[in-house]
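Read through the structure below, which is laid out as structure tokens, and then see the notes.
The values are calculated or read from the model by the stated rules, or taken from the named source; none is laboratory data. None of the values given here were measured: they were computed from a predicted structure. Here the Cβ is made from the backbone with ideal geometry for all residues, glycine too, and neighbour counts use every protein chain on show.
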Amino acid sequence: MENLLTFNLAEKKAIMKMLEIIAISDGRIVSQETKYSAQIAIALGLSAEQSKEISTLNPIACLETLEKMDALSKQKAVAIMMGMVLADDEADNQETAIFSFICYAIKTELPDGSYARILVEHLIRKSYR
């Protein structure tokens, strides 16, 4: 995984808060989401104590933190969040809507290229089940 230690602590916590919000948006947290979240926390260099603080963070303040990041950092954060949307192999409509809102709130584009194609293809397949 690309070096994620370039985010400052507030940005790392804000990213983790957005992962938490995306994961719970469909009303359930599955093991793949828990595993993904743990892997990202490790990749970000967050301690167990710092990870425990995530649930107490104000989501609006976290969005403001992410909005202040430079464009490249936002793209990295969005790619991480996209990973949570796809972590359970179920790109749920609620997760997708929350993810889209986060991108809008932090003033960044939805990802293009392979991530967007994967998401769209998954939603199309899901709609035909």
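A few points about this structure:
- Complete set of residues in segment 36-53 that are crowded, with 19+ Cβ neighbours inside 10 Å and within 13 Å of Glu11 (Cβ to Cβ): Ile40, Leu44, Leu46
- Qualifying positions in segment 62-85 - in contact (Cβ under 8 Å) with a residue 12 or more places away in the chain, surrounded by fewer than 17 Cβ atoms within 10 Å (Cβ to Cβ) and among the aliphatic types (A, V, I, L, M): Ala71, Ala79
- Complete set of residues in segment 8-61 that are under 25 Å from Leu72 (Cα atoms), more than 12 Å from the chain's Cα centre (by Cα), of a type in the set (Gly, Ala, Ser) and part of a helix (DSSP H, G or I): Ala10, Ala38, Ala43, Ser51, Ala61
- Filtered by the rule that a residue be part of a loop (DSSP other than H, G, I, E, B), at pLDDT 85 or above and of a type in the set (A, V, I, L, M, F, W, C), segment 88-118 gives a lone residue, Ile106.
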